[in-house]
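Working notes, structure below.
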4 protein chains.
Amino acid sequence: MTTLDDTIGVLRRTVCALHADLTRYNLVTWTSGNVSGRVPGADLFVIKPSGVSYDDLTPESIVVCDFDGKLVDGELSPSSDTDAHAYVYRHRPDVGGVVHTHSTYATAWAARDEAIPCVLTAMADEFGGEIPVGPFALIGDDSIGRGIVDTLAGHRSPAVLMKNHGVFSIGEDATAAVKAAVMCEDVARTVHIARQLGEPKPIPQDDIDRLYDRYQNVYGQ
Amino acid sequence: MTTLDDTIGVLRRTVCALHADLTRYNLVTWTSGNVSGRVPGADLFVIKPSGVSYDDLTPESIVVCDFDGKLVDGELSPSSDTDAHAYVYRHRPDVGGVVHTHSTYATAWAARDEAIPCVLTAMADEFGGEIPVGPFALIGDDSIGRGIVDTLAGHRSPAVLMKNHGVFSIGEDATAAVKAAVMCEDVARTVHIARQLGEPKPIPQDDIDRLYDRYQNVYGQ
Amino acid sequence: MTTLDDTIGVLRRTVCALHADLTRYNLVTWTSGNVSGRVPGADLFVIKPSGVSYDDLTPESIVVCDFDGKLVDGELSPSSDTDAHAYVYRHRPDVGGVVHTHSTYATAWAARDEAIPCVLTAMADEFGGEIPVGPFALIGDDSIGRGIVDTLAGHRSPAVLMKNHGVFSIGEDATAAVKAAVMCEDVARTVHIARQLGEPKPIPQDDIDRLYDRYQNVYGQ
Amino acid sequence: MTTLDDTIGVLRRTVCALHADLTRYNLVTWTSGNVSGRVPGADLFVIKPSGVSYDDLTPESIVVCDFDGKLVDGELSPSSDTDAHAYVYRHRPDVGGVVHTHSTYATAWAARDEAIPCVLTAMADEFGGEIPVGPFALIGDDSIGRGIVDTLAGHRSPAVLMKNHGVFSIGEDATAAVKAAVMCEDVARTVHIARQLGEPKPIPQDDIDRLYDRYQNVYGQ
């Protein structure tokens with residue numbers, strides 16, 4: 001029988017390994033991003049410790065927190081973004097993973113308080129419309145978490161640009177949230193570059209709807 | 001005597017390995033691009049399976065399809081772009097390889113529905129003129145394949161930008177199609193950057209013709 | 001008992017290894033940047049030798065200089081920026097590390113003589129406000145060192161853009177100075193890209209103050 | 001006693017290895033750039049073979065040509081840019097190495113027929129002023145070589161942007177020519193990015209002169 005400890009052990013290894021995708025896709029600098037994953041069957045999640053280099057991350061260094069963001073297991077202090085992750089898990093039972101980065105192009109849109117318009121078929125596939133901007137929110141209370149949940153409530157997008165700050169993405173598990181963070185930066189960059197020399201052509205809403213529906217239901221294995 | 005199975009085995013290894021060039025040259029993100037290759041002497045081609053990470057690709061995972069895009073051999077579902085590849089093989093017997101990517105700069109031109117003008121000697125060499133834009137087309141029927149074939153029919157270019165979507169490139173074999181995808185992104189980026197600070201100088205058509213002719217006939221070993 | 005030689009030996013290894021972060025984060029080209037570290041308990045610092053490739057750096061090749069920039073120990077000539085580093089150590093007893101680079105985006109702001117405005121929460125965290133520009137100064141006397149110290153005196157920022165030249169950053173030790181150089185390029189790039197398509201939204205000064213205070217006192221382990 | 005064969009063997013290894021710097025600094029795509037080096041004491045130089053992948057280059061594959069660009073030793077056809085290299089060696093006895101690339105930012109300036117202004121101290125150090133643009137020239141006769149030599153005659157710069165084409169750089173040996181190619185792209189990128197958001201500040205000519213003089217005479221070991 002699988003114990004909660006076994007489940008947490010597997011999740012720590014998965015979440016530790018997923019941080020390598022943040023560096024591989026150049027979404028993070030120094031220690032600036034983090035991945036978390038919900039522990040199935042418990043009001044707990046695992047998350048990166050604060051200020052630890054990606055090179056030094058080990059499964060054992062990944063910490064376990066409850067849905068108030070309090071440390072439950074681990075030697076190190078949890079990420080300073082833990083409260084925002086906790087808020088998302090508390091209010092979105094469908095979410096199994098959360099990722100936060102300051103990836104360059106997405107953060108540039110966030111700095112201008114500007115949503116990324118859906119002008120690419122790949123963006124219709126993954127985001128089903130624009131990637132919205134959430135409010136400016138200070139760290140230290142529920143503001144960031146609430147901003148994420150409230151903004152995503154009105155959109156299909158699994159990613160939100162937090163004004164002047166960076167990106168939060170969600171998914172059914174931590175891998176899906178990492179994929180959303182990776183694709184968010186990819187489309188943020190491509191649409192930015194398209195707009196440097198003119199206006200990208202819009203995609204009609206019903207075509208966006210068709211693309212999103214197909215991708216969510218047919219793509220992959 | 002070489003059997004069809006042997007031929008397909010070799011082609012699976014080649015096409016599997018060529019996907020590494022897509023990641024090496026940063027043409028793809030997550031699982032967003034694919035390479036296919038025609039099986040010599042048969043109405044078949046091999047192609048990447050859908051939604052599989054480039055790290056996990058093996059020669060065995062590469063699938064075999066017929067020219068209607070139906071799976072003929074392999075464990076996994078073929079790429080969701082298989083119908084477009086199949087259409088190209090069906091209508092262009094001279095084509096031995098097809099590549100699809102959402103590479104950043106090329107896709108930015110595609111998002112604006114704008115052809116890349118031929119303002120570099122390397123572009124005259126490889127593309128013999130502009131890189132054209134094909135129509136906006138939804139996945140799910142022949143629209144994308146037809147858009148590729150019809151647009152390329154009027155151009156020397158082995159690459160076409162599909163509006164709001166990305167790039168398709170062709171070649172006499174899969175390696176040549178990958179080279180065309182790599183060079184397409186390279187010139188898309190250089191011409192974009194040139195245009196950020198002014199207008200690139202045009203190259204006279206007869207000089208483009210001379211460059212193209214020499215490169216196609218003299219370059220290489 | 002730890003001797004001065006032991007201390008210098010450890011510092012040489014640390015400073016040698018930190019140059020790998022300059023290449024990893026693409027802050028340097030060929031031999032264009034350098035890291036130094038103060039020797040605790042002595043009026044000495046260690047620094048990169050002049051014109052040596054990062055691949056060829058060894059702890060033994062790192063040289064020891066006094067606070068006039070004169071070579072005290074080592075086989076090679078010290079970095080041509082040694083006088084600037086020496087000036088900083090002489091006038092800022094709180095500084096334990098200095099880094100110099102020509103990193104692309106930061107140097108682009110420096111070429112326009114333009115400070116980087118604080119429009120990102122990560123920038124408020126690390127820099128506590130704008131990253132200022134120091135004067136144009138020729139190499140060969142105290143001008144660069146004096147420009148660094150005088151400009152930083154009026155700012156929380158541990159990094160200064162020297163006009164038409166590049167970046168100098170400081171820290172309590174060499175690692176902190178490298179982190180400041182890395183984050184300086186990161187925010188220089190993000191704010192640049194944000195400004196390409198409009199004006200980033202300002203962050204109110206009291207929010208910058210709160211972010212800076214929290215980050216300096218709470219972040220990390 | 002060192003024979004000519006020994007000298008050529010050493011040079012083949014050096015020139016082969018230097019191509020790795022072209023890929024490392026992202027100056028080349030597919031097979032688009034080449035390095036050559038003069039054989040001391042003979043009217044010969046070694047150069048990359050045409051159309052060979054950088055991964056497949058070996059010292060043995062590097063070919064030897066005379067100053068008319070004719071193959072003297074080697075199994076493969078020489079680079080299609082061989083005539084341009086030969087012209088430079090024939091007319092510039094002080095030149096021991098030549099490099100050609102289509103590096104992105106430098107080629108973007110070349111596409112606009114625009115010289116790179118000297119607005120960075122690192123550019124004053126290495127180039128002593130602007131990096132000039134040479135004429136549009138077709139491959140196939142002396143036009144490119146003559147354009148390089150004639151344009152560089154009026155400048156301190158060891159690099160020239162050939163209109164609509166790319167960069168040629170020279171040096172006292174092949175390593176110095178590679179360094180010039182690397183630094184040319186570096187300053188082409190930084191000045192481009194600086195100009196995206198305004199005008200870089202000029203550096204007074206006498207300061208450029210002082211920086212150039214010091215760097216050429218004092219820098220390094």
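The values are calculated or read from the model by the stated rules, or taken from the named source; none is laboratory data. Predicted model only: the values in this text are computed from it and were never measured. Virtual Cβ from ideal backbone geometry, glycine too; neighbours counted across all protein chains shown.
Given the criteria within 14 Å of chain B (Cβ to nearest Cβ), within 24 Å of C:Thr29 (Cα to Cα) and assigned to a loop (DSSP other than H, G, I, E, B), does D:Leu27 qualify?
Numbers: within 14 Å of chain B (Cβ to nearest Cβ): yes; within 24 Å of C:Thr29 (Cα to Cα): yes; assigned to a loop (DSSP other than H, G, I, E, B): yes.
The answer is yes for D:Leu27.
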Answer yes or no as to whether D:Tyr87 is out of contact with any strand residue (DSSP E or B) (no Cβ under 6 Å at 6 or more places or on another chain), in a helix (DSSP H, G or I) and within 11 Å of chain B (Cβ to nearest Cβ).
no
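Being in contact (Cβ under 8 Å) with a residue 12 or more places away in the chain and out of contact with any Leu (no Cβ under 8 Å at 6 or more places or on another chain) is the requirement here; does D:Leu71 meet it? Please lay out each step first, then the result.
Values: in contact (Cβ under 8 Å) with a residue 12 or more places away in the chain: no; out of contact with any Leu (no Cβ under 8 Å at 6 or more places or on another chain): yes.
No, not satisfied.
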State which residue pairs qualify: first residue within 27 Å of A:Ala122 (Cα to Cα) and touching a residue at least 24 places away in the same chain (Cβ under 8 Å) and inside region B:104-132, second residue of a type in the set (Lys, Arg) and in a loop (DSSP other than H, G, I, E, B) in any location, beta carbons under 7 Å apart, and separation of 6 or more residues or different chains.
B:Ala110/B:Lys163; B:Ala111/A:Lys201; B:Asp113/A:Lys201; B:Asp113/B:Lys163; B:Phe127/B:Arg156
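Just to verify a result, which residue in region A:18-53, among those that are of a type in the set (Gly, Ala, Ser) and farther than 29 Å from C:Ala176 by Cβ, is surrounded by the most Cβ atoms within 10 Å (Cβ to Cβ)? Can you show your working first?
First, the residues of region A:18-53 that are of a type in the set (Gly, Ala, Ser): A:20, A:32-33, A:36-37, A:41-42, A:50-51, A:53.
If we keep only those that are farther than 29 Å from C:Ala176 by Cβ as well, we get A:37, A:41-42.
Details: A:Gly37: 29, A:Gly41: 9, A:Ala42: 14.
Per the criteria, the residue is A:Gly37.
If you go through region D:30-54, how many residues are assigned to a loop (DSSP other than H, G, I, E, B), charged (D, E, K, R) and over 20 Å from B:Ala122 (Cα atoms)? Before the answer, list the steps.
Narrowing region D:30-54 to residues assigned to a loop (DSSP other than H, G, I, E, B): D:30-33, D:39-43, D:48, D:50-53.
Add one more test, that the residue is charged (D, E, K, R), and what stays is D:43, D:48.
From what is left, the residues that are over 20 Å from B:Ala122 (Cα atoms) are D:43.
The number of residues fulfilling the criteria is 1.
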Of (1) farther than 27 Å from A:Ile47 by Cβ; (2) assigned to a helix (DSSP H, G or I); (3) at the interface with another protein chain (Cβ under 7 Å from one of its Cβ atoms), A:Asp213 satisfies all except one. Which?
(3)
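Taking the condition on the phi < 0 side of the Ramachandran plot, surrounded by fewer than 14 Cβ atoms within 10 Å (Cβ to Cβ) and outside any loop (DSSP other than H, G, I, E, B), does C:Asp6 pass? Show your work before the answer.
Numbers: on the phi < 0 side of the Ramachandran plot: yes; surrounded by fewer than 14 Cβ atoms within 10 Å (Cβ to Cβ): yes; outside any loop (DSSP other than H, G, I, E, B): yes.
Answer is yes for this residue.
Restricting to region D:90-144, what's the tally of residues that are outside any loop (DSSP other than H, G, I, E, B) and not hydrophobic (A, V, I, L, M, F, W, C)?
13
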Within region A:120-170, can you find the residues that are of a type in the set (A, V, I, L, M), surrounded by fewer than 24 Cβ atoms within 10 Å (Cβ to Cβ), within 13 Å of another protein chain (Cβ to nearest Cβ) and more than 30 Å from C:Val218 (Cα to Cα)?
A:Ala122
Would you please name the residue that is nearest to the other protein chains (Cβ to nearest Cβ), looking only at residues in region C:42-62 that are within 18 Å of the chain's Cα centre (by Cα) and more than 14 Å from D:Tyr219 (Cβ to Cβ)?
C:Tyr54
Restricting the first residue to region B:184-203 and requiring it to be small (Gly, Ala, Ser), which pairs with a second residue that is in a loop (DSSP other than H, G, I, E, B) meet a Cβ separation below 6 Å and a spacing of at least six or different chains?
B:Ala194/B:Pro200; B:Ala194/D:Arg112; B:Gly198/D:Arg112
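Tally time: how many residues in region A:95-126 are over 14 Å from the mean Cα position of the chain (by Cα) and within 22 Å of A:Leu18 (Cα to Cα)?
2
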Provide a single number: the residues in region A:101-119 that are touching a Phe, Trp or Tyr at 6+ places or on another chain (Cβ under 7 Å) and surrounded by fewer than 24 Cβ atoms within 10 Å (Cβ to Cβ).
0
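Restricting to region D:176-209, and then to whatever is among the acidic types (Asp, Glu) and part of a helix (DSSP H, G or I), can you tell me which residue is nearest to the other protein chains (Cβ to nearest Cβ)? Show your work before the answer.
Pass one, region D:176-209, residues among the acidic types (Asp, Glu): D:185-186, D:199, D:206-207, D:209.
Pick out the ones that are also part of a helix (DSSP H, G or I) and you get D:185-186, D:206-207, D:209.
Values: D:Glu185: 8, D:Asp186: 4, D:Asp206: 10, D:Asp207: 6, D:Asp209: 11 Å.
Per the stated criteria, the residue is D:Asp186.
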So D:Asp73 ticks every box in (1) more than 23 Å from D:Ala176 (Cβ to Cβ); (2) at pLDDT below 95 but one. Which box is left unticked?
(2)
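Within region D:196-221, restricting attention to residues that are among the polar types (S, T, N, Q) and under 22 Å from the mean Cα position of the chain (by Cα), which residue is modelled with the lowest pLDDT? Steps first, answer last, please.
At the first step, the residues of region D:196-221 found to be among the polar types (S, T, N, Q) are D:196, D:205, D:216-217, D:221.
Pick out the ones that are also under 22 Å from the mean Cα position of the chain (by Cα) and you get D:216-217.
Values: D:Gln216: 88, D:Asn217: 85.
The qualifying residue modelled with the lowest pLDDT is D:Asn217.
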Tell me yes or no: at least one residue of region B:188-203 is within 27 Å of B:Asn34 (Cβ to Cβ) and hydrophobic (A, V, I, L, M, F, W, C).
yes
Can you tell me which residue is nearest to B:Ser32 (Cα to Cα) among those in region B:55-74 that are in contact with a helix residue (DSSP H, G or I) (Cβ under 7 Å, 6 or more places away or on another chain) and assigned to a loop (DSSP other than H, G, I, E, B)?
B:Leu57
Qualifying positions in region D:1-21 - under 15 Å from D:His85 (Cβ atoms) and hydrophobic (A, V, I, L, M, F, W, C):
D:Leu11, D:Val15, D:Leu18
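Residue check: is B:Ser61 surrounded by fewer than 18 Cβ atoms within 10 Å (Cβ to Cβ) and among the polar types (S, T, N, Q)? If you could, list the steps in order and put the result at the bottom.
Details: surrounded by fewer than 18 Cβ atoms within 10 Å (Cβ to Cβ): yes; among the polar types (S, T, N, Q): yes.
Taking the combined requirement at face value, the residue satisfies it.
Looking for whichever is at pLDDT 95 or above and under 16 Å from D:Ala111 (Cβ atoms) here; the options are B:Ile193, B:Ile144. Which one fits? Spell out how you get there, then give the answer.
Working: B:Ile144 fails: under 16 Å from D:Ala111 (Cβ atoms).
Sole residue among the options that is at pLDDT 95 or above and under 16 Å from D:Ala111 (Cβ atoms): B:Ile193.
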Given the conditions (1) touching a residue at least 40 places away in the same chain (Cβ under 8 Å); (2) more than 19 Å from D:Thr7 (Cα to Cα); (3) in contact with a Gly (Cβ under 8 Å, 6 or more places away or on another chain), and given that D:Thr31 satisfies all but one, which numbered condition is not satisfied?
(1)
Regarding region B:31-41, can at least one residue be identified that is β-branched (Val, Ile, Thr), within 21 Å of A:Gln221 (Cα to Cα) and within 13 Å of another protein chain (Cβ to nearest Cβ)?
yes
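Of all residues being more than 20 Å from B:Thr31 (Cα to Cα) and more than 19 Å from the chain's Cα centre (by Cα) in region B:69-92, which is surrounded by the fewest Cβ atoms within 10 Å (Cβ to Cβ)? Just the residue, please. Can you show your working first?
Taking region B:69-92 first, the residues more than 20 Å from B:Thr31 (Cα to Cα) are B:70, B:72-73, B:87-92.
Among the residues that remain, those that are also more than 19 Å from the chain's Cα centre (by Cα) are: B:70, B:72-73.
On the way: B:Lys70: 11, B:Val72: 17, B:Asp73: 14.
Only one residue fits best here, namely B:Lys70.
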From A:Ser103, A:Ser79, which residue is modelled with pLDDT of 95 or more, within 11 Å of chain C (Cβ to nearest Cβ) and farther than 30 Å from B:Thr101 by Cβ?
A:Ser79
Among the residues of region A:93-100, is any within 14 Å of chain C (Cβ to nearest Cβ) and either without any contact (Cβ under 8 Å) to a residue 40 or more places away in the chain or crowded, with 24+ Cβ neighbours inside 10 Å (or both)?
yes
